[in-house]
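Undergrad: Quick one: structure below, then a few questions.
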């Protein structure tokens, strides 16, 4: 289950899909021979990109290019998501997010 960490609500939960990750790493970084700090998974299409702490920030660039609003951490043991549009973190425990993701 996922919880929203602020009183504001994410208005993009309907865009969460059951996605297949595009790979085990950031394809753009791998193609350049670069490394990353952490990985993020687009919850609309499954693109795996590097985080904003990484040199190339491919996950955020993917959002700006596609307007896919929600990413999930693609790190082992992390279950949080982030909505770029609403600027809100989503964490385990919120039934509303789980119901939207299941539909």
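Undergrad: How many of the residues in the range 59-82 are within 16 Å of residue 19 (Cβ to Cβ) and buried (at least 16 other Cβ atoms within 10 Å of the Cβ)?
TA: Number of matching residues: 12.
Undergrad: Which one is modelled with the lowest pLDDT among residues in the range 86-103 that are surrounded by 15 or more Cβ atoms within 10 Å (Cβ to Cβ) and part of a loop (DSSP other than H, G, I, E, B)?
TA: So the residue we want is 94.
Undergrad: Here is a list of conditions, (1) touching a strand residue (DSSP E or B) at 6+ places or on another chain (Cβ under 8 Å); (2) without any contact (Cβ under 8 Å) to a residue 24 or more places away in the chain, and residue 76 meets all of them except one; can you say which number that is?
TA: (1)
Undergrad: Confirm whether residue 42 is over 9 Å from the mean Cα position of the chain (by Cα) and either modelled with pLDDT under 95 or surrounded by 15 or more Cβ atoms within 10 Å (Cβ to Cβ) (or both).
TA: no
Undergrad: I'd like to check something: does the range 19-37 contain any residue that is touching a residue at least 40 places away in the same chain (Cβ under 8 Å), in a loop (DSSP other than H, G, I, E, B) and either more than 15 Å from the chain's Cα centre (by Cα) or surrounded by 15 or more Cβ atoms within 10 Å (Cβ to Cβ) (or both)?
TA: No; the residues of the range 19-37 include none that is touching a residue at least 40 places away in the same chain (Cβ under 8 Å), in a loop (DSSP other than H, G, I, E, B) and either more than 15 Å from the chain's Cα centre (by Cα) or surrounded by 15 or more Cβ atoms within 10 Å (Cβ to Cβ) (or both).
Undergrad: Identify all residues within the range 1-18 that are assigned to a loop (DSSP other than H, G, I, E, B), modelled with pLDDT under 95 and in contact with a helix residue (DSSP H, G or I) (Cβ under 7 Å, 6 or more places away or on another chain); write none if there are none.
TA: Scanning the range 1-18 gives a single hit, 1.
Undergrad: Another one. How many residues does the range 42-64 contain that are touching a strand residue (DSSP E or B) at 6+ places or on another chain (Cβ under 8 Å), within 17 Å of residue 15 (Cβ to Cβ) and part of a loop (DSSP other than H, G, I, E, B)?
TA: Here the count works out to 3.
The values are calculated or read from the model by the stated rules, or taken from the named source; none is laboratory data. All values derive from a computational prediction rather than experimental measurement. Heads up, the Cβs are rebuilt from the backbone with ideal geometry, glycines too, and the neighbour counts pull from every protein chain shown.
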